[in-house]
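What follows is a short report on a single structure.
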Amino acid sequence: MSIHLSNTTPPAPGGQALVTFQADGEGNISAAYVPGSGGGGTVTHTGALASGQILEGNGGADIKVGDLSGDVATSGSLATTIQANAVTTSKINNAAVTEAKIGLSNNTTNDVSISQHGFAPKAPNDATKFLDGTGAYSTPPNSGGTVTHTGTLNSGQLLKGNGGADITVGDLSGDVATSGSLATTIQANAVTTSKINNAAVTEAKIGLSNNTTNDVSTTQHGFAPKAPNSATVYLDGTGNYSTPVGTGTSAANLVTAGQGYVIGGGLDISRILWNGSGTTAGQLTDSTNRVYCVQFVIPYTIKISTIKWLEGTTNASQHYSLGIYDAAGTTRLVTTGSITGAGASLTQKSVSITPVTLTAGVYWFAFTADATGLITIEGMPFTSTSQFLAMFNNTNTYFGVSGNAATAGVLPSSLGTITAQNTAPTSVAIPIVMFAV
């Protein structure tokens, strides 16, 4: 059924019509609508309303037709088309591109290369080739082919390459060896020094015996030799066990102030060279700055802090000194320093020094002056019989003249070569000097 209206007029603006009908020129209803509350008016259009095109506002009460454009477009219908290259990276949701969405072909654009990661190139249909580090398929060196063998593959032996596609059997050799099985054996003397990690050889790993090969010696350090089962011998500086000189219950240790002394030159030597007439004020030298020295032995340890003697007639302008050197004569150990004559006779002299400890052993007592006849000290004069000195210095030198002279009456730092004095020096006496604790 059709409703024919001869005339329709839209309600006045602001009217209360519930339904508005729109009729065509023949009076047929072509549209019906419910007016909105936003107002009304007549909508016109510009141009023809082409079938299938989309209507769009034209800036007022007018409309026009057109197609979508940009990423999505239409063309004379409502069918939309996503345009080429419109879907950029930012428009793709994360993980939206699944494997099923990837279309693969023989396009090499995105294949892996040395400048970027990518797809593996199309397989070359060759099982002997592999994708290498340049992004190409190639045959690895020494690969491929059929492996054969030479000889019998003996049970338990190892297989090894033979320079091509062939293999042979054999055993390990060198530092570690096998023999017909997989059991390995480290060979004798194979573990050299460079192969042992530092501190890897603990005491538990050292096997000790009476082998003397690696004992300590004067050419190398090493093990202490087997103990000789004697508490009276000790390992000495030659690498042997021996009894130290000067040891035993009779040896003394003189280090307490005021307890003990030693006479320079040695009491026994003085008695041998003494003429028996008692002490006398003798010269210290018979030639200016000549140094006389006499060897003596200290049988105990002594700490010297004071030097005492009795000065005879002296000249107040002359100088002299007294001292002790080591057994080699290379080091001056104790000295009075330069002493100036008192210009009187029989003057008691005493000098305090920084304490010096001398252990039991051999030493040289030395004395000198910078003038002859002007400096005398109470001492033991020489006998006029020169045979005693010749006998005394027979084989070895025990009394002699230092190869190094004094300077202004001061003893040199070392004695140098000592020349034996086999005749009695004129008017010279061995001075009696007390080196006290």
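We did not get these values from a lab; they are worked out from the coordinates using the rules stated. Not measured: the values here are computed from a predicted model. A quick note on method: Cβ atoms are made from the backbone with ideal geometry, for glycine too, and the neighbour counts reach across all protein chains shown.
Side notes on the structure shown:
- Viscosity 1.306 mPa s, temperature 10 °C, Stokes-Einstein D of the stretch 56-102 from Kirkwood C-alpha radius, µm²/s: 117 µm²/s
- Coupling constants for the stretch 82-90 follow from the phi torsions by the Karplus curve (6.51 cos²θ - 1.76 cosθ + 1.60, θ = phi - 60°), and in residue order they are 6, 6, 4, 6, 6, 7, 8, 4, 5 Hz; glycine and proline get x.
- Listed by chain and number, the lysines placed with their C-alpha closer than 16 angstrom to that of Lys91 are Lys101; residues fewer than eight positions away on the same chain are left out.
- Among Asp71, Asp370, sorting on how many other beta-carbon atoms sit within 10 Å of each Cβ, with the fewest leading, yields Asp71, Asp370.
- Count Lys and Arg as plus one, Asp and Glu as minus one, and take only other residues whose Cβ is under 14 Å from that of Leu78; the net charge is then -2.
- 5 angstrom amide H check on Gln318, placed H, neighbours 5+ away: Gly341
- Stokes-Einstein D for the stretch 60-156, Kirkwood Rh over Cα pairs, 37 °C, 0.692 mPa s (µm²/s): 164 µm²/s
- If you wrap the stretch 97-214 in the convex hull of its Cα atoms and look at it from every side, the mean projected area works out to 16.9 nm².
- Exposure proxy ranking for Phe130, Phe367, Phe296, based on other Cβ atoms within 10 angstrom of each Cβ and starting from the fewest, stands as Phe130, Phe296, Phe367.
- Listed by Cβ neighbour count within 10 Å, with the fewest neighbours leading, His45, His319 appear as His45, His319.
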